[in-house]
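Before any comments, here is the structure.
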Amino acid sequence: MKSERKQDKGYFLYDFAKVTGVLPALLFWRPKVHRPLGKEKLPKGPFIVVSNHNSFTNPVVLLITIRKRHLNFMATTELMGNAPGRFVFRHFHLIPVDKDNFSMDTYYSLMNSLKEGNGAVIFPEGFVDTDEDMVHPFKDGAMLMALKANVPILPVYIGKRTSSFRRQHVIIGKLYRPGSDDGSKLSMSRIRELTELLYQKELELEKYYKSEVLR
């Protein structure tokens, strides 16, 4: 699988920024991780993280929460409209997504990332909602990618942080392996069915956050 996207093959700047920035980020967000379904080790191989998207800082929160793995984020190509944006995409291994015209380059970039054993992050709501405190229905792309790559999915819910004085709460669910669900033939109806199941898992994490963390 080859991608036409120019990207730094190494992770030097990624790791440097992560090491030097993790302490200030931890002090600012003071993240508290909740695992209501029990603690579970991340797989040694590739996996996909799916999360709600209620802030532009959600990627940073995930980076300081899942610190021991390389995470490649899918991000809109609109962010590549200037030199700094292109620099970030290249050196921090972001995977560009054109929301209006999906390209196979996006698919191959994600597959290459997973093939290298990395984690990939997809925000399946498809947009950032900084206003409503809710999880919107998921689009099918994350499930389709997970099934094609045969990798597990880690559902994560990021609590809405309304003040810098409040801690950042992150709810982590259990790994879900849709590829070994029941052996059903891959079809769009099946993908939508599994996407809805994944969405329900996210809603359960949201419910835990609002009923147990915020009480």
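Listed here are the residues, each with its yes/no results for (1) modelled with pLDDT of 95 or more; (2) more than 23 Å from Thr76 (Cα to Cα); (3) not acidic (Asp, Glu).
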site: Gly141; (1), (2), (3): no, no, yes
site: Ser163; (1), (2), (3): no, yes, yes
site: Asp182; (1), (2), (3): no, yes, no
site: Leu186; (1), (2), (3): no, yes, yes
site: Tyr208; (1), (2), (3): yes, yes, yes
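If I filter the range 1-53 down to residues being at pLDDT below 95 and touching a strand residue (DSSP E or B) at 6+ places or on another chain (Cβ under 8 Å), which single residue comes out as nearest to Pro124 (Cα to Cα)?
Leu42
Can you name every residue in the range 111-142 that is within 12 Å of the chain's Cα centre (by Cα) and among the aliphatic types (A, V, I, L, M)?
Hits for the range 111-142 are Ala120, Val121, Ile122, Ala142.
Could you check, for the range 54-65, whether at least one of its residues is touching a helix residue (DSSP H, G or I) at 6+ places or on another chain (Cβ under 8 Å), closer than 21 Å to Glu125 by Cα and assigned to a strand (DSSP E or B)?
no
In the range 77-124, which residue that is modelled with pLDDT of 85 or more and among the small types (Gly, Ala, Ser) is farthest from Gly45 (Cα to Cα)?
The residue in question is Ser109.
I'm told Gly85 meets every condition in (1) of a type outside the set (S, T, N, Q); (2) more than 17 Å from the chain's Cα centre (by Cα); (3) buried (at least 17 other Cβ atoms within 10 Å of the Cβ) except one. Can you identify the failing condition by its number?
Here Gly85 clears every test but (3).
Listed here are the residues, each with its yes/no results for (1) within 18 Å of the chain's Cα centre (by Cα); (2) of a type in the set (Ser, Thr, Tyr).
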position: Pro31; (1), (2): yes, no
position: Leu37; (1), (2): no, no
position: Ser51; (1), (2): yes, yes
position: His70; (1), (2): yes, no
position: Thr76; (1), (2): yes, yes
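With the condition kept exactly as written, say whether any residue in the range 69-76 is surrounded by 21 or more Cβ atoms within 10 Å (Cβ to Cβ), under 18 Å from Leu42 (Cα atoms) and out of contact with any helix residue (DSSP H, G or I) (no Cβ under 6 Å at 6 or more places or on another chain).
Checked against the condition, which is being surrounded by 21 or more Cβ atoms within 10 Å (Cβ to Cβ), under 18 Å from Leu42 (Cα atoms) and out of contact with any helix residue (DSSP H, G or I) (no Cβ under 6 Å at 6 or more places or on another chain), the range 69-76 yields at least one hit.
The values are calculated or read from the model by the stated rules, or taken from the named source; none is laboratory data. From a predicted model like this one, the values you see are computed outputs, not experimental measurements. With ideal geometry, Cβ positions are generated from the backbone for all residues, glycine too; neighbour counts draw on all protein chains shown.
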